[in-house]
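Engineer: This structure is in structure tokens; I'll ask about it shortly.
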Amino acid sequence: MDGLFRQSGEDAHMWCPQLPEIREALHSLGAHSPAWCPQAPAEHSGRVPKREASLSCGEQQDTPQETALDISLSYICKFLTLCALAQPGATTDGNLLDLMELMCRAGLDVGLRLLPKTDLQQLLLQLLENIRQWPGKLQQLCSALSLASDHHHNLLALVQFFPDVTSRSRRLRGQLSLVVIARVLNQQETLPLWQEKAQLLVLSRLLSLMRPSSLAQHLDAGPSPPCQEQQPKASAELDHKVCYLCHSLLTLAGVVVSCQDITPDQWGELRLLCMQLDRHISTHIRESPEAMHRTRLKDLAAQTYIRWQELLSHWQPQAQYFSPWEEI
């Protein structure tokens with residue numbers, strides 16, 4: 001432990017690594033460099049992580065190399081958390097934001113086999129608490145994190161790096177989810193994303209763009225199949241991608257609502273959300289025995305609708321309650 005402390009005159013202070021040193025350590029463990037751009041998930045890229053491949057073959061234990069990698073990454077996260085706890089004011093807000101972005105990108109990096117999630121979450125929560133200019137840095141942080149990947153699957157995973165356990169992480173989850181939805185739908189420049197009181201109204205407008213047919217037009221930008229025989233396969237693949245994208249966006253929409261402190265005067269906005277969900281998503285999903293991805297999306301839409309209806313019933317204005325004795 002003596003090596004963790006450096007002498008400065010008569011005082012001893014804890015050594016904390018700088019951003020280049022952290023980046024070099026992660027790179028030495030297999031992280032991609034220099035762009036730190038995460039790969040698409042295995043379902044789309046066709047690349048199956050070693051752990052998933054071994055489990056599918058009946059092996060229940062990691063190889064020694066994989067175990068050593070997990071331990072090393074866990075130690076890095078835990079040591080950085082210790083540094084953040086021991087010297088909360090030693091790092092500037094700018095460096096804190098850069099470190100959070102770096103660790104989020106590392107958490108999505110398949111070269112690191114997805115960091116030990118619990119250790120990464122604890123580190124990010126502590127870094128978030130150390131930001132001095134809060135919530136002044138919220139917009140800058142959300143903007144940077146929303147650019148960590150171009151794939152909705154990765155962006156959803158990134159939001160889940162911040163559990164809903166503190167007021168700051170709760171606000172970041174909700175705001176980041178809204179920004180990610182807007183970015184995926186190319187609406188980040190047209191909507192008032194940073195007005196906290198307008199988030200439900202903004203989400204309502206975004207829900208109207210999440211209709212599967214609209215998402216199909218958004219995704220179907222590539223060339224048509226060269227021969228007619230390939231068109232059914234291409235249509236099935238597009239349908240799967242549309243449902244996959246809609247599932248991620250709807251999950252993020254649920255995060256936005258769950259992170260709101262709903263008040264009675266927002267009852268109308270929440271009611272509009274329920275109507276938009278039913279009108280633009282639920283009624284446009286046709287289930288089929290050959291397309292279980294539609295069933296999963298339909299199930300998520302139903303669960304989301306039920307949760308929002310429960311919020312509606314809790315915050316319903318007194319005048320809106322139906323009473324069978326009212327006319328007696």
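Here, each number is a calculation from the coordinates, and none is a lab measurement. Just so you know, these numbers come straight off a predicted model, no measurement behind them. Don't worry about glycine lacking a Cβ; one is built from the backbone with ideal geometry, like all the others, and counts go over all protein chains shown.
Engineer: Can you work out the Karplus-derived ³J(HN,Hα) for every residue in the range 168-179? Use 6.51 cos²θ - 1.76 cosθ + 1.60 with θ = phi - 60°, whole Hz, and x for glycine or proline.
Structural biologist: Computed from phi, the couplings for the range 168-179 are 6, 5, 5, 5, 5, 4, x, 5, 5, 4, 5, 5 Hz.
Engineer: Can you sort Y75, Y305 by how many other beta carbons sit within 10 Å, fewest first? Don't skip to the end; give the middle numbers.
Structural biologist: On the way: Y75 12, Y305 16.
By the 10 Å Cβ count, ascending: Y75, Y305.
Engineer: Sticking with this one: Too long at a 32 Å Cα-Cα cut-off: which of K137/K241; K117/K233; K117/K241; K78/K137? Could the numbers behind the result be given before it?
Structural biologist: Working: K137/K241 34 Å; K117/K233 36 Å; K117/K241 26 Å; K78/K137 24 Å.
Correct reply: K137/K241; K117/K233.
Engineer: For a quick protection proxy, order the peptides 119-129, 16-26 by their average other-Cβ count within 10 Å, most packed first.
Structural biologist: On the way: 119-129: 20.1, 16-26: 15.0.
Highest to lowest by the protection proxy: 119-129, 16-26.
Engineer: Here is a further query. Just check the range 240-299 against the gyration tensor rule for me: Cα atoms, a ≥ b ≥ c as the square roots of the eigenvalues, rounded for a/c under 1.5, and otherwise prolate or oblate depending on whether a/b exceeds b/c.
Structural biologist: prolate
Engineer: Full-extension gain between N186 and D98, please, as 0.36 nm times their residue separation minus the C-alpha to C-alpha distance.
Structural biologist: Working: separation 88, 0.36 × 88 = 31.68 nm, distance 2.48 nm.
Stretched fully, the N186-D98 segment lengthens by 29.2 nm.
Engineer: Between T263 and E21, what FRET efficiency follows from the Cβ-Cβ distance if R0 is 41 Å, with the result rounded to 0.05? Mind showing how you got there, number by number?
Structural biologist: Values: r = 46 Å, r/R0 = 1.13.
For R0 = 41 Å, the calculated efficiency reads 0.35.
Engineer: Using alpha-carbon positions, what is the distance between the centroids of the range 249-265 and the range 75-96, in Å?
Structural biologist: 31
Engineer: Additional query: From the phi angles alone, apply the Karplus equation (6.51, -1.76, 1.60; θ = phi - 60°) to the range 247-263 and give each ³J(HN,Hα) in whole Hz, x where the residue is Gly or Pro.
Structural biologist: 4, 5, 5, 5, 4, 5, 4, x, 5, 4, 5, 5, 8, 8, 8, 5, 10
Engineer: Oh, and also: May I ask you to compute the full-extension gain from Q195 to D299, defined as 0.36 nm times their residue separation minus their alpha-carbon distance, rounded to one decimal in nm? Don't skip to the answer; put the middle values down first.
Structural biologist: Working: separation 104, 0.36 × 104 = 37.44 nm, distance 3.11 nm.
Working it through step by step, the gained length comes to 34.3 nm.
Engineer: Using the basic label-point model (7 angstrom from Cα toward the beta carbon), what is the E310 to T283 distance in nanometres?
Structural biologist: Between E310 and T283, the simple spin-label model gives 2.6 nm.
Engineer: Could you put V257, V184 in order, starting from the residue whose Cβ has the fewest other Cβ atoms within 10 Å?
Structural biologist: Values: V257 19, V184 24.
Lowest count first: V257, V184.
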